[in-house]
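Comments concern the structure below.
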Amino acid sequence: MEYLIAWLVFPFATASMAHGKNRNVIVWGIIGVLLGPFAILIVAMLKTESGEDQGYN
């Protein structure tokens, strides 16, 4: 049961990090479901995209 809860948290964490780096939130959320903790590591290593600031206000 704990693994299921943890696996459901990964897409939200991945999407949140992607949002902060101006990446596509939906795509990274799906990748978060598929790859779990590895998606978080991948997003953490990505550079921030240029463009309109989508950071947290």
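Below is a table of values for the structure above.
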| read-out | value |
| --- | --- |
| Distance between modelled label sites at VAL9 and LEU46, nm, 7 Å Cα→Cβ extension | 2.2 |
| Computed over segment 2-45: relative contact order in percent, which uses C-alpha pairs under 8 Å that are six or more apart | 42 |
| Helix 25-35 vs. the chain, principal-axis angle (Cα, 0 to 90°, nearest 10) | 30 |
| Taking the C-alpha atoms of segment 2-45, convex hull volume expressed per residue in Å³ | 51 |
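Throughout, read-outs are computed from the coordinates displayed, never taken from laboratory work. Predicted model, so just to flag it, every value in this text is computed and none were measured. As a convention, Cβ positions derive from the backbone with ideal geometry for all residues, glycine included, and neighbour counts pool all protein chains shown.
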